[in-house]
1. Tell me the label-point distance for the pair residue 36, residue 358, using the 7 Å Cα-to-Cβ offset, in nm and rounded to one decimal.
2. Would you mind working out the magnitude of the charge dipole of the range 4-371 relative to its Cα centre, with +1 at each Lys and Arg C-beta and -1 at each Asp and Glu C-beta, to the nearest 20 Debye?
3. How far, in nm, would the chain grow between residue 146 and residue 12 when pulled straight, counting 0.36 nm per residue and subtracting the alpha carbon separation?
4. What is the sum of charges, Lys and Arg at +1 and Asp and Glu at -1, for the other residues whose Cβ falls under 12 Å from the Cβ of residue 339?
5. Convex hull volume of the Cα atoms in the chain, per residue, in Å³?
6. Among 282, 46, 182, which one shows the highest mean-square fluctuation when the chain is modelled as a Gaussian network with alpha-carbon springs under 10 Å?
7. Over its Cα atoms, what ratio of radius of gyration to 2.2 N^0.38 Å does the range 72-166 give?
8. Using a Gaussian network model on the chain with a 10 Å cutoff between Cα atoms, which of 253, 296, 233 fluctuates the most?
Amino acid sequence: MISLAEAQSYEYATGPELFHLCQQAAYERDAFWGKQITYSKKVFLPLTNMCRDACGYCTFVQDPASPTANYMTPEDVLNVARQGEALQCKEALFSLGERPEEKHQKAREWLAELGYKHTLDYLHDQCDAVLTQTSLLPHINAGALSYQELKYLKPVAASMGMMLETTSTELLKKGQAHYACPDKTPKRRLDTIEQAGKLDIAFTTGLLIGIGESWADRINSLIAIRERHLTYGHIQEVIIQNFRAKAGTLMAGFQEPSLDDMKRTIAVARLILPSEISIQAPPNLEEEYASYIRAGINDLGGISPLTKDFINPERAWPQIDSVTQACQTVGCSLAERLTIYPDFLQQNTRYLSPKLWQKVSAFTKSAGVESLPTFEVISPESISEMIPRGAA
């Protein structure tokens, strides 16, 4: 692992220096992960798109007065999950706004119609329904959570995650990306990561770059993640995600990170973090994602044959054939994985409840996660009926 000073020195790396940095990161990747790039075949379940936060770059969150604001109904959840199951998906990604009922009366009313007071209780039961009634493995991305909340959700999730995004407190100021976002304070995010470690939860976190943070902020964020992993050993993957400007948001006019900026951040992440932490970058947010592989990633995250990326709906998932070809151009192969990584499976029920352990064991005994199935990604336009209905 490189030093803080060395990591900071790469802030403006370009040309031959950047090429050498990426080579070094790819070498470190190959030494631990080999030449195999992985992905998870998933369905995206946006349980609710209401939230008490108001991030300056977000179009996922909808005002309760909007006709598109909603909670998925139990029927919606199982309908999408079962269609994903028919397409041999194995991950059910539950993503949702944070604690909307604490800010919005409409969210409280929707939850009451569903028979609940709290979104996390509803999330728990929908994960359990997917776990019980389909073959999919839930992955929960519910934002900042307490020790007790994480403990409550652990039995119904094969893995969990929350983007740290940044350790910069400057972004909490008025006019910045995280202003009026009580769940985006670095202290709260870091505490969630730490509590997940205490509970032995296989955890995903990461950085969102280009939202106003400095290079030093990125390095400090990676080191904060490293410190918690060295203490608990629970971080299975770190995502390096590039900000994409969206019309109608506070940050619509912000400059997006360049490809070189992504490459140097990915490479430095690979060299700062322990080798066993997977490095991931979303392939739908950059057309030249083969460059990510050259920079040291070993994983491309979740890719869906059914549902769109509700966080970045304007960016379609790539076809698996094109991902396979991109891997081959840089001398790598592509393979499917489960939402929980193999190293965590080898520790029996430390990271999984007995119920989940039995289910995951059944997957690993089959050929389904050992070979790469071929499928065609359905365009967002052809699955408009898959966009969840409101509960009203």
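1. In this crude label model, residue 36 to residue 358 measures out at 2.8 nm.
2. Working: 37 positive and 44 negative charges, 109 e Å.
Charge dipole of the range 4-371: 520 debye, to the nearest 20.
3. Numbers: separation 134, 0.36 × 134 = 48.24 nm, distance 3.78 nm.
Using 0.36 nm per residue and subtracting the Cα-Cα distance, I get 44.5 nm.
4. Values: positive: 41, 42, 90, 337, 359; negative: 91, 237, 299, 336.
Local net charge: +1.
5. Enclosed volume per residue, from the Cα hull, is 128 Å³.
6. Sorting by GNM fluctuation, first place goes to 182.
7. Details: Rg = 13.5 Å, N = 95, 2.2 N^0.38 = 12.4 Å.
For the range 72-166, the normalised Cα radius of gyration is 1.09.
8. It is 253.
Bear in mind that the values in this text are calculations on the coordinates, not laboratory data. From a predicted model like this one, the values you see are computed outputs, not experimental measurements. Using ideal geometry, Cβ is built from the backbone for each residue, glycine included, and neighbour counts are taken over all protein chains shown.
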